[in-house]
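The next block holds one structure in the form of structure tokens; read it before the comments.
The values are calculated or read from the model by the stated rules, or taken from the named source; none is laboratory data. The shown structure was predicted, so the numbers you read here are calculated from the model rather than taken from an experiment. Neighbour counts are summed over all protein chains in view; Cβ atoms, including those assigned to glycine, are modelled from backbone coordinates with ideal geometry.
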Amino acid sequence: MPQLCILTLVLLTAEPLAASDHFRKLEVDGQERSYYIHVPPQYDVAKRAPVVLAFHGAQTNAPIMALSSGLTLKSDKAGFILVYPNGTGKGKMLLVWNSGSFRGPNAKNLPDDVAFVEQLLDDLATVVSVDPKRVYATGMSNGAMMCYRLAAELSDRIAAIAPVSGTMSAGRIRLKRPVPVIHFHGTEDKFVPFEGPDKTMSQLVTFKSVNETVRTWARLNGCPKTAESNEVPDTADDGTTVKRLVYGPGRHGAEVILYVIDGGGHTWPGRIFPVPFLGNTTRDISANDLMWEFFEKHPMK
């Protein structure tokens, strides 16, 4: 085992992971759960590293999230540890998160995914040196909704979140501290509509509109009610334009930033994924670059 500083020895209880991709399993409430870890090349076991949790969308899984988001490349450039958790569902592919958005009798049978994330973070700290003040969460669609649930219920462990194409669901909000938010959403998103679910959709799922979500978090974080707005340069011929809205600073410097992608679909900004029915993908911004810049600015205080 490499020589470790005393602080790291306190955190790690197993053989520390080397720079590579790893797969781990946990048992949570009697159910087997799993997650992938990407450790970047510049990781130094003697130093506490930032962590980004990346939650897949509904009816997909962690490997699909890795492929569609391209976050692994950003991890290698920026040096953060990247975690792709798996939800639960049918087999290994059609997985979901208990974000609080599902309705109906089956919703009661979904596992406690907040408890899963808590145990995941505990387990992660046994194999890599985690900076507990720099644990962040991002996600796509249902995974983005899971980010909001974690911010609401685990604000003492999640420093900031970056939801993409997913809003908050009704549920408990028990903030112990402000949680900065950077949110990306297309106006032509057909899967998580900008204005919230229509009557047909609301029979199956419940979630807030983008504006209600963002304004709720601006209020929770003590940010001004009015946002500063500016247009992002339209540099790509992709059927989209982008506007940036900034609420803040609020308590402890917290911000809430919304990127409105006019003409954008249910897609990851800056990452072309060849699934036409999801709609347009903007190339005017990179969600990966912007969220990491935001995360670096907002460690837990």
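Does region 130-143 contain at least one residue that is surrounded by fewer than 24 Cβ atoms within 10 Å (Cβ to Cβ), among the hydrophobic types (A, V, I, L, M, F, W, C) and farther than 27 Å from residue 224 by Cβ? Looking through region 130-143, at least one residue is surrounded by fewer than 24 Cβ atoms within 10 Å (Cβ to Cβ), among the hydrophobic types (A, V, I, L, M, F, W, C) and farther than 27 Å from residue 224 by Cβ.
This table checks each residue for (1) under 17 Å from residue 124 (Cβ atoms); (2) modelled with pLDDT of 95 or more; (3) under 24 Å from the mean Cα position of the chain (by Cα).
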position: 3; (1), (2), (3): no, no, no
position: 8; (1), (2), (3): yes, no, no
position: 22; (1), (2), (3): yes, yes, yes
position: 30; (1), (2), (3): no, no, no
position: 33; (1), (2), (3): yes, yes, yes
position: 39; (1), (2), (3): yes, yes, yes
position: 43; (1), (2), (3): yes, yes, yes
position: 50; (1), (2), (3): yes, yes, yes
position: 53; (1), (2), (3): yes, yes, yes
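Exactly one residue among 99, 155 is in a loop (DSSP other than H, G, I, E, B), in contact with a Leu (Cβ under 6 Å, 6 or more places away or on another chain) and either surrounded by 18 or more Cβ atoms within 10 Å (Cβ to Cβ) or of a type in the set (Gly, Ala, Ser) (or both), and that residue is 155. Scanning region 225-243 for residues that are surrounded by 19 or more Cβ atoms within 10 Å (Cβ to Cβ), in contact with a Gly (Cβ under 6 Å, 6 or more places away or on another chain) and small (Gly, Ala, Ser) turns up nothing.
So if I check each of 114, 128, 83, which one is outside any helix (DSSP H, G or I) and under 19 Å from the mean Cα position of the chain (by Cα)? If you could, list the steps in order and put the result at the bottom.
Numbers: 114 fails: outside any helix (DSSP H, G or I); 128 fails: under 19 Å from the mean Cα position of the chain (by Cα).
Selected residue: 83, the only one of 114, 128, 83 that is outside any helix (DSSP H, G or I) and under 19 Å from the mean Cα position of the chain (by Cα).
Within region 167-184, is there a residue that is buried (at least 17 other Cβ atoms within 10 Å of the Cβ), under 24 Å from residue 265 (Cα atoms), of a type in the set (S, T, N, Q) and touching a Ser or Thr at 6+ places or on another chain (Cβ under 7 Å)? Yes, some residue in region 167-184 is buried (at least 17 other Cβ atoms within 10 Å of the Cβ), under 24 Å from residue 265 (Cα atoms), of a type in the set (S, T, N, Q) and touching a Ser or Thr at 6+ places or on another chain (Cβ under 7 Å).
If only residues of region 244-279 that are small (Gly, Ala, Ser), closer than 22 Å to residue 195 by Cα and buried (at least 19 other Cβ atoms within 10 Å of the Cβ) are counted, the one that is farthest from the chain's Cα centre (by Cα) is 279.
Answer yes if at least one residue in region 205-227 is closer than 30 Å to residue 130 by Cα, in a loop (DSSP other than H, G, I, E, B), more than 16 Å from the chain's Cα centre (by Cα) and among the small types (Gly, Ala, Ser), and no otherwise. The answer is yes; a qualifying residue exists.
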